[in-house]
1. If you scan the stretch 79-100, which residues turn out to be away from the ligand (no atom under 14 Å from the Cβ), open to solvent by less than 10 Å² (accessible area, probe 1.4 Å) and touching a Cys at 6+ places or on another chain (Cβ under 8 Å)?
2. Restricted to the stretch 140-175, and to residues that are more than 31 Å from the chain's Cα centre (by Cα) and of a type in the set (Gly, Ala, Ser), which residue is farthest from the ligand (Cβ to nearest atom)?
3. Somewhere in the stretch 101-119, is a residue without any contact (Cβ under 8 Å) to a residue 60 or more places away in the chain and surrounded by 22 or more Cβ atoms within 10 Å (Cβ to Cβ)?
4. Looking at (1) open to solvent by less than 50 Å² (accessible area, probe 1.4 Å); (2) in contact with a Cys (Cβ under 6 Å, 6 or more places away or on another chain), can you tell me which one Lys76 breaks?
5. It is to be established whether one or more residues within the stretch 151-158 are closer than 14 Å to Leu43 by Cα and in the same structural domain as Val218 (by the TED database).
6. Which of (1) over 22 Å from Thr17 (Cβ atoms); (2) touching a Phe, Trp or Tyr at 6+ places or on another chain (Cβ under 8 Å); (3) part of a helix (DSSP H, G or I) is the odd one out, the single condition Lys209 does not satisfy?
7. Take the residues in the stretch 164-213 that are within 22 Å of Lys133 (Cβ to Cβ) and among the polar types (S, T, N, Q), then tell me which one is least open to solvent (accessible area, probe 1.4 Å).
8. Just to be sure I understand, how many residues within the stretch 15-54 are within 15 Å of the ligand (Cβ to nearest atom) and of a type in the set (Lys, Arg)?
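The values are calculated or read from the model by the stated rules, or taken from the named source; none is laboratory data. Being a predicted model, the structure only gives us computed values, none of them experimental. Neighbour counts are summed over all protein chains in view; Cβ atoms, including those assigned to glycine, are modelled from backbone coordinates with ideal geometry. Side chains are part of the model used for accessible areas, which takes the heavy atoms of the whole protein and leaves out ligands, DNA and RNA. Shrake-Rupley method; radii C 1.70, N 1.55, O 1.52, S 1.80 Å.
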Amino acid sequence: MDKNFQEEELTQIIKFTPPLHKQRHQFVKDLVEKFKPKKVADLGCADCSLLRMLKFCSYIEVLAGLDICASVMKEKMHTLSPLPVDYLQPSERTLTITLHHGSVAHKDPCMLGFDLVTCIELIEHLEESELKKFPEVVFGFMAPKIVVISTPNSDFNPLLPGVMLYRHPDHKFEWNQAQFQSWALETARCYDYSVEFTGVGYPPTGMEKVGFCTQIGVFVRKYPQTDESVQPEKPNEAVYKTVFKIVYPSLKDEKYLQNAVISEVIFTAQIIKHRFMSKQEEHGDDPERKFKFQPSTDCFSDYLGKLVVDKNMEPFVRGNEVYIPLATIFSFPKVSRLCGTFEKLCKLIAGKVTLSSDGSAVMFNIEHENEEN
Ligand code: SAH
């Protein structure tokens, strides 16, 4: 957004590589890699660029954004939607992304239960009355395990050409390191959090005292979250308006799992059949070996060879039909990982894949194939 643009303009003499806004988001991403939160809320999410980055973090199952400006969120919210590949190859994890229109000065139950809450370059946009309510909303009410707050460090401002008062016209204040740290320590003390200070955007050599261009506080809750600490006195009244909600396709959803299993079963069965038929042709004149599955020297066939030591797992031919036992197909790691149990495999493909009359093998009719050959 224009805020970032303005900051990059100002910092063109002291050049940050990568740009500062990217470094801030990378900082959050690194934190996510470290703590592996499942539920993350970004307060003051603006154009959703941080959410867009975080949706690729595989641990995250719930992502929420909140901003007081609905139009800035709506501008690019479609970029949070699933891509065609997400439908073609649904992920094993679930992912729900929701955007809310509202203020961090108000409590809404949709913000409960998060593991990580990020407030990147937000607090300096808050009016005095909002800033007063902010700690109670975020640390008292939402009470996530971790809170990250970043804000401009005004000690750095003299190094930024063109900054008269604040870095952006919408900033209501900019704190120096002592001011931010004193506010953060007091907030942490009040709500039983610990806080550590860091930042992004190194000062030039010899000027280390001014600190990072963006100062960051990472707050970690000291007490464990219990059901009692979430309930019962937390209010239930919803004050935010949901402007966007998307549930990503996931293999946890039976309909996507079924599609994936059917595709994988047919794919695996076809490969087994192909190997089997090739071997049939090679040993076609040897009656002893005629219908016996003989692995070749490649890895896949080696694997098959090990599997079919059990007679019941061997592919077999009857008339114009080739049968690939489901037990053999289930032995393939990808199939068994998808289904979990053999019973589940049978249930998911029932009526969707052509099987032998006793339901124990996938059946292929090779009449047509033989004619072609
Ligand atoms: N977090 C974004 C940029 C933040 S700019 C990033 O990392 O790039 C600050 C954002 O906070 C703006 O989008 C502004 O609309 C929003 N904001 C300001 N006051 C707010 C409030 N009281 N509650 C929620 N969002 C607010």
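1. Leu80
2. Residue satisfying both the conditions and the ranking: Gly162.
3. There is no residue in the stretch 101-119 that is without any contact (Cβ under 8 Å) to a residue 60 or more places away in the chain and surrounded by 22 or more Cβ atoms within 10 Å (Cβ to Cβ).
4. (1)
5. There is at least one residue in the stretch 151-158 that is closer than 14 Å to Leu43 by Cα and in the same structural domain as Val218 (by the TED database).
6. In the conditions (1) over 22 Å from Thr17 (Cβ atoms); (2) touching a Phe, Trp or Tyr at 6+ places or on another chain (Cβ under 8 Å); (3) part of a helix (DSSP H, G or I), Lys209 misses (2) alone.
7. Step by step, filter the stretch 164-213, then rank; the result is Thr187.
8. 4
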